[in-house]
Amino acid sequence: LNKSGKALANGSTFTVSIPVGAMRVIVAYPATLRDITSIKDVNGLNAEISSGFTKSTVAVEGANGYTAIEYKVYTMDFAKANDAANTFSVKI
């Protein structure tokens, strides 16, 4: 589980570490930002892999019943457990 802990904006780039044994990758951020413009497989010669992700939108309720906020969620499922650590570079 990776958390950037920083405020994202349109044009932000961040990395997602994929551990050995992973079966799924999920990237989520507030829906007020634009769609992801690029996801690159750093260990795979920086190949563009964004087409392998499925986009959805979910409402996430705040703590103590605060109003829900919409999030864009991008998901990729692997056919088998990831056999080597990897890194994806994501750009919004």
(request) Any aspartates and glutamates with Cα under 13 Å of the Lys40 Cα? List them, leaving off those in the same chain fewer than 8 positions away. (result) Glu48
(message) Can you compute 3J(HN,Hα) from phi for each residue in segment 70-77, using the Karplus curve 6.51 cos²θ - 1.76 cosθ + 1.60 with θ = phi - 60°, rounded to whole Hz and x for Gly and Pro?
(response) 6, 10, 8, 10, 10, 10, 10, 9
(message) Taking 22 Å as R0, compute the FRET efficiency from the Cβ-Cβ separation of Thr57 and Thr15 and round it to 0.05.
(response) 0.40
(message) Which residue fluctuates most in the GNM of the chain (Cα springs below 10 Å): Phe78, Phe53, Phe14?
(response) Phe78
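Determine the per residue accessible area of the chain with all protein chains present and a 1.4 angstrom probe, expressed in square angstrom.
Working: 5950 Å² over 92 residues.
Result: 65 Å² of accessible area for each residue.
Computing the accessible area with a 1.4 Å probe over protein heavy atoms, can you report the carbon and sulfur percentage for the chain? Walk me through the intermediate numbers first.
Details: 3140 of 5950 Å².
Carbon and sulfur together cover 53 percent of it.
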(request) With a/c under 1.5 counting as rounded, go ahead and sort segment 1-40 into rounded, prolate or oblate using the C-alpha gyration tensor (a ≥ b ≥ c being the square roots of the eigenvalues; past the cut-off, prolate if a/b is larger than b/c, else oblate). (result) prolate
(message) Which trypsin sites (Lys or Arg not before Pro) in segment 1-70 sit in a loop by DSSP (not H, G, I, E or B) and have at most 14 other Cβ atoms within 10 Å of their own Cβ?
(response) Lys3, Lys6, Arg34
(message) Based only on Cα atoms, what mean projected area does the convex hull of the chain have, in nm²?
(response) 6.4 nm²
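Summing +1 for each Lys or Arg and -1 for each Asp or Glu, what net charge is found among the other residues whose Cβ lies under 12 Å from the Cβ of Asp35? Can you show the working numbers first?
Values: positive: Arg34, Lys55, Lys72, Lys91; negative: none.
Net local charge, Asp35 excluded: +4.
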(message) Using a Cα-Cα cut-off of under 15 Å, which aspartates and glutamates could be cross-linked to Lys72, ignoring same-chain neighbours fewer than 8 residues away?
(response) Asp35, Glu61
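The values are calculated or read from the model by the stated rules, or taken from the named source; none is laboratory data. On a predicted model such as this, the values are computed, not experimentally measured, just so you know. Please note: Cβ atoms are built from the backbone with ideal geometry, for glycine as well, and neighbour counts cover all protein chains shown. Side chains included, ligands, DNA and RNA excluded: accessible areas come from the protein's heavy atoms. Shrake-Rupley method; radii C 1.70, N 1.55, O 1.52, S 1.80 Å.
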